[in-house]
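Report on one structure; see the data block that follows.
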Amino acid sequence: GDVGLAAWFREWARLERMAVSLCTYECRLVPGLLQSEAYARALFENRIPLLTDEQLEAQVAARLERQKMLYERPHVPFSFIVEEHVFRRPFGDVEQMRDMYDRVLTLSAPRNVTLQIVPPDAGLHACMDGPIQILETPEGRRLAYAEGQENGRLISDPKEVSLLHQRYDTLRSQALNPKDSRALLERLRGEL
């Protein structure tokens, strides 16, 4: 089931499926677990080097498959913190933008899923170094994953993971609460 996943992401995807909690901070794009099909497709269509049609379909299918975790594992807390500008970045047509907002609102609706948006006026914050994901394994180990251009890094050093967790927790207090975050998304959707 790992066709369509980058080699360096496969190990993380495997850990993700067993995790007892998952935290995601994203400042570039809508997190994979919350993307609409059209959004995921648009991202993969813009990949350089270009993907073949088969590769593109495999990537989109893998991404949508991963999203099932959110409702197949209702006892696992999923936390997302996303920069507001990510949701404002236009793609496709109005219909596809609306669909993207609907998808995010739907996938973040369950009680085990928390979405918090970081408004621009939060200023500079603890996670400016880039996107981060942190999970806890069934054995209580915390691992992190950092992703950049053409690479991903699994971080298992407890000190480093602890530091990233502190940054995440700090940002959590600076972001809008889940209720206000949803209201913001609904407003952005309405402004289309």
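The values are calculated or read from the model by the stated rules, or taken from the named source; none is laboratory data. From a predicted model like this one, the values you see are computed outputs, not experimental measurements. Heads up, the Cβs are rebuilt from the backbone with ideal geometry, glycines too, and the neighbour counts pull from every protein chain shown. Just so you know, the surface numbers come from the protein's heavy atoms only, side chains and all, with ligands and any DNA or RNA stripped out. Shrake-Rupley method; radii C 1.70, N 1.55, O 1.52, S 1.80 Å.
Miscellaneous remarks
- Within the stretch 40-79, the set of residues being under 20 Å from Cys27 (Cβ atoms), touching a residue at least 40 places away in the same chain (Cβ under 8 Å) and either open to solvent by 90 Å² or more (accessible area, probe 1.4 Å) or aromatic (Phe, Trp, Tyr) (or both) comprises just one member, Phe78.
- Residue count, the stretch 80-101 (criterion: open to solvent by 10 Å² or more (accessible area, probe 1.4 Å), touching a Ser or Thr at 6+ places or on another chain (Cβ under 9 Å) and assigned to a strand (DSSP E or B)): 0
- Of all the listed residues (Trp12, Trp8), the sole one being out of contact with any Pro (no Cβ under 6 Å at 6 or more places or on another chain), of a type outside the set (Gly, Ala, Ser), closer than 14 Å to Ala146 by Cα and surrounded by fewer than 18 Cβ atoms within 10 Å (Cβ to Cβ) is Trp8.
- Residue match in the stretch 157-177 (condition: in a loop (DSSP other than H, G, I, E, B) and at pLDDT below 95): no
- Residue within the stretch 125-143 that is within 28 Å of Leu192 (Cα to Cα) and either charged (D, E, K, R) or in a helix (DSSP H, G or I) (or both) present: no
- The stretch 136-152 residues that are open to solvent by less than 30 Å² (accessible area, probe 1.4 Å), paired with ones that are among the polar types (S, T, N, Q) and part of a strand (DSSP E or B) (beta carbon under 6 Å, 6 or more apart): Tyr145/Gln133
- Residues being touching a residue at least 12 places away in the same chain (Cβ under 8 Å) and out of contact with any Ser or Thr (no Cβ under 8 Å at 6 or more places or on another chain) - total across the stretch 102-112: 5
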